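Q: This structure is in structure tokens; I'll ask about it shortly.
The values are calculated or read from the model by the stated rules, or taken from the named source; none is laboratory data. These numbers were taken from a predicted model, which means no experiment stands behind them. For neighbour counting, all protein chains shown are included, and Cβ atoms are generated from backbone atoms with ideal geometry for every residue, glycine included.
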Amino acid sequence: MDIRRDVFQAIADPTRRAILSLLIVQAMTPNGLAEYFDSTRQAVSKHIKVLTECELVRQEQSGREIYYHLNVDKMKEIDNWLEQFRRIWETRFNQLDNLLQSLKSEKNDK
């Protein structure tokens, strides 16, 4: 049975988010990434595997080393999906600001 990983489940994990943050700066090998964590290289490799399955990172062979890169296009897809909610939140916050200003004005007028 082929289980498709969910990108939001992948980024819910703090270690995977930290890996993505490191890859924003530069491509890294699994050993290079593992140096930043208090866990085994195998544990970090499992996180990388999840991120790769979700297409958040891509791998590139360079000689005997495998380097992992952030997949910016996939991150843009996530951002585009979140944008619709961001617009809703901003609209609601603006409505709340207007309501609070109105209530404040009414209070000052009394």
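Q: Right, Arg16: in contact (Cβ under 8 Å) with a residue 24 or more places away in the chain, assigned to a loop (DSSP other than H, G, I, E, B) and either outside the structural domain of Glu77 (by TED's automatic domain parsing) or not hydroxyl-bearing (Ser, Thr, Tyr) (or both) or not?
A: Details: in contact (Cβ under 8 Å) with a residue 24 or more places away in the chain: yes; assigned to a loop (DSSP other than H, G, I, E, B): no; either outside the structural domain of Glu77 (by TED's automatic domain parsing) or not hydroxyl-bearing (Ser, Thr, Tyr) (or both): yes.
Answer is no for this residue.
Q: I need the full set of residues from region 37-73 which are outside any helix (DSSP H, G or I) and either surrounded by 20 or more Cβ atoms within 10 Å (Cβ to Cβ) or in contact with a Ser or Thr (Cβ under 8 Å, 6 or more places away or on another chain) (or both), in order please.
A: At the first step, the residues of region 37-73 found to be outside any helix (DSSP H, G or I) are 37-40, 54-71.
Selection gives Phe37, Ser39, Cys54, Leu56, Val57, Arg58, Gln59, Glu65, Ile66, Tyr67, Tyr68, Leu70.
Q: So which residues in region 66-110 are charged (D, E, K, R) and over 25 Å from the mean Cα position of the chain (by Cα), if there are any at all? Don't jump to the end; show me each part of the working.
A: Applying the first criterion (charged (D, E, K, R)) to region 66-110 yields 73-74, 76-77, 79, 83, 86-87, 90, 92, 97, 104, 106-107, 109-110.
Correct list: Asp97, Lys104, Glu106, Lys107, Asp109, Lys110.
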